[in-house]
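Right, one structure below, let's go through it.
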Amino acid sequence: AIAILYFTNNFEIVYNDTKEKLNSFSLVAISGIIILFIWDILKSQISEFIRHEIFPPKKAELKEIQEHQEEHDKKLNEILERINFDPGKLQPFIKELSNFSRIDEQKKVVIRLYKSNRIDGKEKETLLLMIDFKHQNIEKLNKEIYKYKQQGNTEYAQLLGNLKDFLKNADHKGIKQNYFKFKEQQKQTNIDFLKQSIKATTQLFAYEDTKELYEELIHLEPTGSNHFDFAYFLQRFNYFNEAIKHYEEALKTYRELAKENPGTYLPDVAMTLNNLANLHSDKNEFPQALEKYEEALKIRRELAKENPRRYEIDYAKTLIMGVDLFGKDKKDLKQAKEILLKYKGIPLADNSLAIIEKFENE
């Protein structure tokens, strides 16, 4: 279907609207790496949280950090949307690239792989993007390692140095083992580093190792957002049954939170219902899919009435999804188009208008 991958990007939209909650500044020294580590890595290119105890972050700095995180997470999801093959098949090529230290050498290898028909065009594009993001991230890690050495925190600098070396050598198992050695540290720091390890193994398309690390994260911190992220990861790898299980856990959590704070958590409820509708549709379970879709549509309609500028594009995209997946009346496309034209020039609106145009030309 034209819009299935596109609509799973609802995760990106809401996720980008949801600021990272920074708790416990007493742990900022350890979470410092997380900004620059999450910031540039492909496939969760790796998220961020920086600063140390001596110089706590100011509000303006945190705002800048969050904006950088959103921009890089957006780039990551745009890349993921282009991949419609099993990314795990790239692992041998990523390992092969790690034998060359310079970016230009690695890119020449990718071109040779393409010309020898060992990879196709989309795989070539994905590998070239991965090389750029990976090297940017390694440069950021080098700066963080230097900073922690200057602060006298040689133990953590060594831990980050190990992580950098494993990433450089495409050693996803080493990343995982590096994390488990770190496991005995205090819980929040442990969780932050675990999330970075997940981002790193995801970048290397190491499904089994990433899955094991996600399971550890759910064990330590079974929040709605962690269940959602795990479900989204499983969905991308077509493990639909496991993905549904974790989406349902996320939905249960978000529904409870929405009772006390609907303004914050109803968008999360709608986002989770939307992804469940897509998953049930992929499994040809149309009654369940339609039920989840209808509830998501109802919530997004109300949210759009209350805050049009923030939620109208989501509502319009959900209308288009109904026509595409469930054969809803095409008059919904007219309503969606009227909404989206108000936001013409905004990429999310323009992409949705392009999908409507495809329907109109059929």
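The values are calculated or read from the model by the stated rules, or taken from the named source; none is laboratory data. Please read these numbers as outputs of a predicted model, since none were measured by experiment. Here Cβ is always computed from backbone atoms with ideal geometry, including for glycine, and neighbour counts include all displayed protein chains.
For region 100-118, the tally of residues that are of a type in the set (A, V, I, L, M, F, W, C), buried (at least 17 other Cβ atoms within 10 Å of the Cβ) and under 21 Å from THR201 (Cα atoms) stands at 1. A single member of GLU312, GLU256, GLU242, GLU221 is over 30 Å from PHE182 (Cβ atoms), of a type in the set (Asp, Glu) and surrounded by fewer than 17 Cβ atoms within 10 Å (Cβ to Cβ), and it is GLU256. Of all residues in region 244-263, those that are under 13 Å from LEU276 (Cβ atoms) have Cβ atoms under 8 Å from Cβ atoms of residues that are crowded, with 21+ Cβ neighbours inside 10 Å and charged (D, E, K, R), 6 or more apart or on another chain, in ALA250/ASP268; TYR254/ASP268.
Of the helices (runs of 4 or more DSSP H) lying entirely inside region 42-136, the ones with 1 or more residues being in contact with a helix residue (DSSP H, G or I) (Cβ under 9 Å, 6 or more places away or on another chain) and modelled with pLDDT under 60 are found at 59-82. A single entry from GLN196, GLN177, GLN188 fulfils the requirement of being out of contact with any helix residue (DSSP H, G or I) (no Cβ under 6 Å at 6 or more places or on another chain) and either in the same structural domain as ASN137 (by TED's automatic domain parsing) or outside any helix (DSSP H, G or I) (or both): GLN177. Filtering THR272, THR253 for residues that are in contact with a Gly (Cβ under 6 Å, 6 or more places away or on another chain) and modelled with pLDDT of 95 or more leaves a single hit, THR253.
If only residues of region 329-362 that are assigned to a helix (DSSP H, G or I) and over 29 Å from the mean Cα position of the chain (by Cα) are counted, the one that is farthest from ALA304 (Cα to Cα) is ASN361. Selection of region 199-211 for residues being out of contact with any helix residue (DSSP H, G or I) (no Cβ under 6 Å at 6 or more places or on another chain) and either hydrophobic (A, V, I, L, M, F, W, C) or crowded, with 16+ Cβ neighbours inside 10 Å (or both) yields GLN203, LYS211. It is to be established whether one or more residues within region 202-214 are part of a loop (DSSP other than H, G, I, E, B), outside the structural domain of HIS135 (by TED's automatic domain parsing) and more than 23 Å from ASN142 (Cα to Cα). No, every residue in region 202-214 fails to be part of a loop (DSSP other than H, G, I, E, B), outside the structural domain of HIS135 (by TED's automatic domain parsing) and more than 23 Å from ASN142 (Cα to Cα). Between ALA231, ALA170, the distinction of being on the phi > 0 side of the Ramachandran plot and either hydroxyl-bearing (Ser, Thr, Tyr) or touching a helix residue (DSSP H, G or I) at 6+ places or on another chain (Cβ under 9 Å) (or both) belongs to ALA170 only. From the list ALA258, ALA231, the one residue that fits, being of a type in the set (Gly, Ala, Ser), assigned by TED's automatic domain parsing to the domain that holds GLN288 and either farther than 30 Å from HIS135 by Cβ or part of a helix (DSSP H, G or I) (or both), is ALA258. Please verify whether GLU248 is among the acidic types (Asp, Glu), at pLDDT 90 or above and touching a helix residue (DSSP H, G or I) at 6+ places or on another chain (Cβ under 8 Å), treating the condition exactly as stated. Yes, satisfied.
Does region 301-312 contain any residue that is touching a residue at least 40 places away in the same chain (Cβ under 8 Å), closer than 25 Å to PRO347 by Cβ and of a type in the set (A, V, I, L, M)? Taking every residue of region 301-312 in turn, none turns out to be touching a residue at least 40 places away in the same chain (Cβ under 8 Å), closer than 25 Å to PRO347 by Cβ and of a type in the set (A, V, I, L, M). Screening GLU105, GLU144, GLU155, GLU96 for residues that are touching a residue at least 24 places away in the same chain (Cβ under 8 Å) and not basic (Lys, Arg) leaves exactly one candidate, GLU144.
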